[in-house]
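Below: one structure, written as C-alpha cells.
No lab work stands behind these numbers, since they all come straight from the coordinates. Being a predicted model, the structure only gives us computed values, none of them experimental. Neighbour counts are summed over all protein chains in view; Cβ atoms, including those assigned to glycine, are modelled from backbone coordinates with ideal geometry.
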Amino acid sequence: MTDLNLTGAPAAQGPVTLDDVRATLGDTDPNSTNAGAVRRLLGRGSLSTIQRHLDALRKEGVAQALDVAGAAPDAPKDLIAAIWSSAWAAAQARTAGALAQSQQQAQALAQALAVAQSDAAAAQADADESAQALALMQQQSQQIHEAHATALAAAQALAEAQQQAAAQELAQARHALEHTKQAAALAAAQHEAGIAALRGEVDRLISQLADLRAALGRSAPSTPRDDI
C-alpha cells in the first residue's frame, strides 16, 4: 500500500464530495491508498465519508474493467460452411475471456480486500490513539481530583488544629485571669486586714497614752498660783 503522490489539496470548506476525493487522487489508483491517507491530503472530512467515496471510485474502476470484453462478432453470411468452426472459435474466445474476466475479478476482489483490511487497520490505529488519549486525560483528571481532595483534607485538618489551639489558649488565658483575680482579691483582703490591725494597734496605743497622761496628772503635786 502506497501513499498518494500529491503535494497537498486545496483548502476547501464544507463536506467532502466524490469530486473532492477524485481530484485528490488524480492518476493514483484508488486501490493503492486508504481513507486515512486521503484525509491527510484533504485536511478535512470524516474517515467514513472519505471511505464511502473511495469505495465508489474503486467500484467504477472494477466496472470499467468488466466492460472490456465485447460481444462475439456475427458470422459472415457467405461462409456458411465455416459457421461451426467460427462458432467454436467464438466459444473458445468467450470461454477464455470469461476465464480472464473471472481471474481479473478475483484479483480485483483480493486487492479490494487488502485495501479494506488496510483501511480497517488505519481506523483501528486511530481508535487506539483516541482511546489512549482519553485514558491519559482521565488519569490526569483523577490525579488532579485526588490532589485537590488531599489539599482540602490538609486545609481542614490545619483549620481544626488551629481552632483547637486557639480554644486551648483561650481556656488557659481564662484560667490565668481567674487565678489573677483570685490572687488580687486575696491580696486586697490581706491588705484590708493589715490596715484594720494597724488601726486597732494605733487605737490601743492612743488609749494607753491617754491612760498614762491621766495617771501622771493624778500623781503630780498641786502648785500654788500667785495672785496677779
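Here the peptides 26-37, 163-174 are ranked by packing, the mean other Cβ count within 10 Å, and the order with the highest first is 26-37, 163-174.
Just so you know, the Rg over Rh for the stretch 93-228 is 2.05, from Cα atoms, with Rh as the Kirkwood radius.
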